[in-house]
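Working notes, structure below.
The values are calculated or read from the model by the stated rules, or taken from the named source; none is laboratory data. Owing to the predicted nature of the structure, the values given are computational and were not obtained by experimental measurement. Positions of Cβ are generated from backbone atoms using ideal geometry, with glycine treated the same way; all protein chains shown enter the neighbour counts. Ligands, DNA and RNA are stripped out before the accessible areas are found, and what is left, the full protein with its side chains, is counted by its heavy atoms. Shrake-Rupley method; radii C 1.70, N 1.55, O 1.52, S 1.80 Å.
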Amino acid sequence: MASKADSIKLLSFDTAPMRAFHLTWVAFFICFFAWFACAPLMPVIKGEFGLSMEQIANINIAAVAITIFVRLIVGPLCDRYGPRKTYTGLLLLGAIPVLGVAMAQSYESFLLFRLGIGAVGASFVITQYHTSVMFGPKVVGTANAAAAGWGNSGGGAAQAVMPLLLTAVTMLGVSQALSWRVALVVPGLMMIVMAFFYWRYTQDCPAGNYDDLRAQGELPQGGKGGWASFREACRNHRAWLLFVTYGACFGIEIFIHNIAAVYYVDKYGLSLGAAGLAAGSFGLLALFARALGGWLSDRSARKGSLNSRVTVLFVLMIGEGLGLLWFAQADGVAYAVIAMLCFGLFTHMACGATYALVPFVAPKALGGVAGIVGAGGNVGAVLAGFLMKGTGDIAQTLTILSVLVLVSSLCAIAARFTIGAAQDAPLATAA
């Protein structure tokens, strides 16, 4: 059976691992672009539908709520049907609400489609699953973090590009009320096109597709499939500890994506375009920061032990919490942007360091663990949304969240491996 790749050759498309690496981060980029395409346009949509702050909070909660359940489901689906089928299906089905939101005529219909769009956020779990089965323990942290980070930057790209796309459509003579709808059609079409390429040019694991391997009497890498994987993952306490840490880093990231543009417009009086660029800079950090977190985790493990990865995650979360507190207290827009970039760097790196640990938690239940931890990110975002709804003030919400991040960092320390587990995990992952 073909083995996992032990190196990352970025300019190569000749091997199955590298094709999967590139196509999965591109698919993830498109999904995240679609997921957050509405966020930078919310000041315009807010005016058209006359939305209150409470209704905006409901929309932000809806955008991430359903992702919790879909992430829990797609992990076991990857174990059972393979990431190729699962990703293709998600791209095609997810395109429906992405296109549908452009036709919303009221707050209620917009909320419903925004809820449906949240499902495409589960693409992250498939991305991490696919790179985990394609790359060996020496580079799996870097591969996971790079693919996730580059894909994650789709959220930042949406913040910067969607206002420009809106302006371009308006310059063609289309009214602003129709322009934002036309702009939102673009990401839906991108998802449909990507589904074709993913189906055509990827395979489930280095040895081939799961269906073919089962027909030949061979088990896919990773062992268990379906709900057996999910049950085994549920019994592992480290999966739930990382569920919390990921909620405290990726959950914060999603929350910032959803509120940043409105925050910069309302508090600092920026224009829609300027606010989009400021908010977009946070997401674009993922181009390198996630990969940096994964690389740092891999490097620390090579020089130390598996628990060195845990220490890296703990330190990054402390930096995130302190940086978020600075952002919440920033007086001027310049200080706010600098603070956002600083805490954003730690946030993205913490996300990468979290998923650098995932392949070692329960290697035979990879899909289940990936789904549980990924769902934690959205639980964090949903709770942050409810917190903002309760306080009614974004700055106050950010201050409270900074304290919660610092407390959650203790879960990283609690996830330390025993000596036996630390010795066995890399070998199991390579099997």
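Which whole-number percent is the relative contact order of segment 1-159 (Cα, under 8 Å, 6+ apart)? Walk me through the intermediate numbers first.
Values: 197 pairs, mean separation 71.3, N = 159.
Relative contact order, segment 1-159: 45 percent.
Could you compute the FRET efficiency for ILE96 and ALA334, with r as their C-beta to C-beta distance and R0 at 41 Å, rounded to 0.05? Don't jump to the answer; show the numbers that get you there.
Details: r = 42 Å, r/R0 = 1.01.
E(calc), rounded to 0.05, equals 0.50.
Which value, in Å² and to the nearest 10, is the accessible area of VAL70 when all protein chains are kept and the probe is 1.4 Å?
30
Is there a pair in LYS46/LYS267; LYS9/LYS85; LYS9/LYS364 whose C-alpha atoms are over 22 Å apart, and which pairs would that be? Working shown, then result.
On the way: LYS46/LYS267 16 Å; LYS9/LYS85 25 Å; LYS9/LYS364 27 Å.
Listed pairs above 22 Å: LYS9/LYS85; LYS9/LYS364.
Could you please tell me the mean projected area of the C-alpha convex hull for the chain, averaged over all directions and given in square nanometres to one decimal? Don't jump to the answer; show the numbers that get you there.
Values: hull surface 75.5 nm².
Result: 18.9 nm².
If you roll a 1.4 Å probe over the heavy atoms of the protein chains, what accessible area per residue do you get for the chain, in Å²? Please list the in-between numbers first.
Numbers: 15450 Å² over 431 residues.
With all protein chains present, the chain gives 36 Å² per residue.
Toward the positive end of the charge dipole of the chain, about the Cα centre and with charges on Cβ (Lys, Arg +1; Asp, Glu -1), which of PHE69, PHE36, LEU398 goes farthest?
PHE69
Going by amide H atoms built from the backbone, whose H comes under 5 Å of the H on ALA5, apart from near neighbours?
PHE135, GLY136
Can you send over the carbon and sulfur percentage of the accessible area for the chain, probe radius 1.4 Å, protein chains only?
Working: 10700 of 15450 Å².
Result for the chain: 69 percent of the exposed heavy-atom area is carbon or sulfur.
What is the dipole size for segment 1-150, taken about its Cα centre, with +1 at each Lys and Arg Cβ and -1 at each Asp and Glu Cβ, in debye to the nearest 20?
Computed about the Cα centre, the dipole is about 440 debye.
Could you check the spin-label model distance between THR418 and GLN176? Points 7 Å from the Cα along Cα→Cβ, value in nm.
6.3
By its C-alpha gyration tensor, with a ≥ b ≥ c as the square roots of the eigenvalues, how is segment 156-286 shaped: rounded for a/c under 1.5, else prolate for a/b larger than b/c, else oblate?
oblate
Order the following by accessible area, largest value first: HIS348, HIS237. Probe radius 1.4 Å; ligands, DNA and RNA are ignored. Intermediate values should be presented prior to the final figure.
Values: HIS348 0, HIS237 100 Å².
Descending accessible area places them as HIS237, HIS348.
Please report the accessible area of THR142 (heavy atoms, 1.4 Å probe, ligands and nucleic acids excluded) in Å², nearest 10.
Per-residue accessible area (THR142): approximately 30 Å².
Quick check: residue separation of THR15 and LEU189 times 0.36 nm, minus the Cα distance between them. What number comes out in nm? Numbers along the way, then the final one.
On the way: separation 174, 0.36 × 174 = 62.64 nm, distance 2.82 nm.
Result: 59.8 nm gained on full extension.
Looking at the chain as a GNM with Cα springs under 10 Å, which of VAL379, VAL74, VAL315 has the largest mean-square fluctuation?
Judging by the Gaussian network model, the answer is VAL315.
Given springs between every Cα pair under 10 Å in a Gaussian network model of the chain, which of PHE197, PHE255, PHE327 has the largest fluctuation?
PHE197
Residue-wise, which Karplus ³J(HN,Hα) couplings in Hz belong to segment 148-159, taking 6.51 cos²θ - 1.76 cosθ + 1.60, θ = phi - 60°, and x for glycine or proline?
5, x, 5, x, 4, 5, x, x, x, 4, 4, 4
Mean residue ellipticity at 222 nm from the helices of the chain, using -39,500 (n - 2.57) per DSSP H segment of n ≥ 4 over the full residue count, to the nearest 500 deg cm²/dmol? Each step should come with its number before you reach the end.
Details: 18 runs with 343 residues, N = 431.
Calculated mean residue ellipticity at 222 nm is -27000 deg cm²/dmol.
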